[in-house]
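A short write-up of the structure that comes next.
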Amino acid sequence: MEYRENSHAVLTHLAGWGFAPEVQQRMGALVVVWGVFETNLETTLWALRNENVAGMWPSTERGDNSLGKWIDAWAEEAERLGPEAHEILKTAAKAAADLMEYRHTLMHGWVLPSPAIASFIRNPGWNGETRKRPSSDAHVDENLLDMALDAAWTLCRAVIATRSACDDA
């Protein structure tokens, strides 16, 4: 089982870069929970739009279907649920946009190892290049990842409750 030995060696190497096992575990959990949020957000948009997708290309597959657009649409289209729900979901969408940036930085950024607090930086202009998106950084430790996990799980519950509200007069 050479792959197990190799896997253990990678995990040990990451720990040396400042990613303790508890941090690695939370990063993995954040990836899973964020995926649950994304997939439920899509079906929630279908419900908000009264969209029957059977045999059709859903609206989420057409045009600019970036996740950021989906998050914006969640807030905008929740208007039909009433003013209080709309305000709550506008706030939730702002939190989702911030958490999306953090998650994207973790998943697509450069690793900056540190025994104190490992970090990632996304879209750096280290070589003088021009970037479409601004640079962002994400620090990772147990506390920050616990907050991110809590926020992601809350967003999952909010998006599922939004979808359920579309069916509940």
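The values are calculated or read from the model by the stated rules, or taken from the named source; none is laboratory data. It should be emphasised that the depicted structure is a prediction, and the values quoted were computed from it without experimental measurement. Here the Cβ is made from the backbone with ideal geometry for all residues, glycine too, and neighbour counts use every protein chain on show.
Within segment 128-169, the set of residues being under 24 Å from A118 (Cα atoms) and hydroxyl-bearing (S, T, Y) comprises S135, S136.
To keep it simple, each residue is scored yes or no on (1) in contact with a Lys or Arg (Cβ under 9 Å, 6 or more places away or on another chain); (2) among the small types (G, A, S); (3) in a helix (DSSP H, G or I).
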{"position": "A93", "(1), (2), (3)": "no, yes, yes"}
{"position": "T105", "(1), (2), (3)": "yes, no, yes"}
{"position": "D137", "(1), (2), (3)": "yes, no, no"}
{"position": "D146", "(1), (2), (3)": "yes, no, yes"}
{"position": "L155", "(1), (2), (3)": "no, no, yes"}
{"position": "V159", "(1), (2), (3)": "no, no, yes"}
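Could you tell me whether segment 51-60 includes any residue that is in a helix (DSSP H, G or I) and out of contact with any Ser or Thr (no Cβ under 6 Å at 6 or more places or on another chain)? Looking for residues that are in a helix (DSSP H, G or I) and out of contact with any Ser or Thr (no Cβ under 6 Å at 6 or more places or on another chain), one finds at least one in segment 51-60, hence yes. Criterion first (out of contact with any Cys (no Cβ under 7 Å at 6 or more places or on another chain), modelled with pLDDT of 95 or more and either surrounded by fewer than 13 Cβ atoms within 10 Å (Cβ to Cβ) or on the phi > 0 side of the Ramachandran plot (or both)) does S66 satisfy it? Here the answer is no, as S66 does not meet what is asked. Regarding segment 96-111, can at least one residue be identified that is more than 22 Å from W153 (Cα to Cα), touching a residue at least 60 places away in the same chain (Cβ under 8 Å) and of a type outside the set (S, T, N, Q)? The answer is yes; a qualifying residue exists. Per the listing E77, E61, E84, the residue uniquely of a type in the set (D, E) and crowded, with 17+ Cβ neighbours inside 10 Å is E77.
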